[in-house]
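The values are calculated or read from the model by the stated rules, or taken from the named source; none is laboratory data. On a predicted model such as this, the values are computed, not experimentally measured, just so you know. Every residue, glycine as well, gets a Cβ built from its backbone with ideal geometry; the counts of neighbours run over all protein chains shown. Accessible surface areas use protein heavy atoms only, side chains included; no ligands, DNA or RNA. Shrake-Rupley method; radii C 1.70, N 1.55, O 1.52, S 1.80 Å.
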Amino acid sequence: MKASELVDEARELFARSADPVIADKYRRYFTEGYDPYGVDAQIVSAKVREVLGRGIDISTAFRACDEFIGSGRYEEGHFAIALIKGLKAQYTRDTFHAVERWFDFGIGNWAHDDGLCLDVVAALLAAGHAGLSDIAPWALSPHKYQRRALPVSLIKVAGSDGFPLGMSLTAVECLFGDEEKVVHQGLGWFLREVWKDNPYEVEELLLRYRETGARLIYQYATEKMSKEEKDKFRRKSSK
């Protein structure tokens, strides 16, 4: 299968399956822009399974998926991420770099960002195709979704071999000063998940930035805490 054929085939399916009701149903979740066909997610997933079943090499997949990601169309991005997720057996160091490029031209919403991080980047990290030193620089990326991607990618691997907890927390620490809401949400989510098994280390970090860190980070990070536990992280000026 040629990449151009896959692109044409998928786009024809999405156009034929478009439903304005579905398109409007999820629009409110994407306040920064949303360009859907309006295709049921099961149709997209079935097309991914069909393509994987026919067999496709990852280099061909990336040639097609680069175009899907760059288009900005919601279902095309969903399809691209799901297709690369299904090709884990072919992952290499080059896969990491190919995925990393997507932040430069096409990852522009939280759903694609989180799917890419949890389903693809985390798998690349766990398999040793990339390490903490490869993703730590994302904290300084000009792209807000790449900065969000750092903590979200670490949710599944922080504390495991190659990703010591202390080093993982240090890698995300500068994001306490980030100005973007989507980064605050991603960092808070990461800290909430890590806190479950490592409360002391996470709480120590939260206390360090209690007076200056965005409150949305703390809202997410303390979500599973008791009221008494949450009170430790209230700003002194707000008491």
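Which residues, taken from segment 53-63, are exposed (fewer than 12 other Cβ atoms within 10 Å of the Cβ), in contact (Cβ under 8 Å) with a residue 24 or more places away in the chain and in a helix (DSSP H, G or I)? Within segment 53-63, 54 is the sole residue that qualifies. Got at least one residue in segment 163-172 being buried (at least 17 other Cβ atoms within 10 Å of the Cβ) and either in contact (Cβ under 8 Å) with a residue 60 or more places away in the chain or farther than 26 Å from residue 104 by Cβ (or both)? Yes: one or more hits. Scanning segment 70-96 for residues that are closer than 24 Å to residue 125 by Cα, in contact with a helix residue (DSSP H, G or I) (Cβ under 8 Å, 6 or more places away or on another chain) and among the charged types (D, E, K, R) yields a count of 2. Elements of the type helices (runs of 4 or more DSSP H) sitting completely within segment 147-233 and holding at least 2 residues that are touching a Ser or Thr at 6+ places or on another chain (Cβ under 8 Å) and aromatic (Phe, Trp, Tyr): there are none. Taking residue 21, is it modelled with pLDDT of 95 or more, open to solvent by less than 50 Å² (accessible area, probe 1.4 Å) and over 18 Å from the mean Cα position of the chain (by Cα)? So residue 21 fails the test. Every condition in (1) closer than 20 Å to residue 166 by Cα; (2) modelled with pLDDT under 95; (3) not aromatic (Phe, Trp, Tyr) holds for residue 238 except the one numbered (1). Of the residues 50, 12, 67, 32, the single one that is modelled with pLDDT under 95 and either open to solvent by 60 Å² or more (accessible area, probe 1.4 Å) or farther than 19 Å from residue 113 by Cα (or both) is 32.
The sole residue among 219, 185 that is within 18 Å of the chain's Cα centre (by Cα) and closer than 26 Å to residue 142 by Cα is 185. Candidates 35, 8: the one that is assigned to a helix (DSSP H, G or I) and without any contact (Cβ under 8 Å) to a residue 60 or more places away in the chain is 8. Being closer than 23 Å to residue 14 by Cβ and modelled with pLDDT of 95 or more is a property that residue 61 has.
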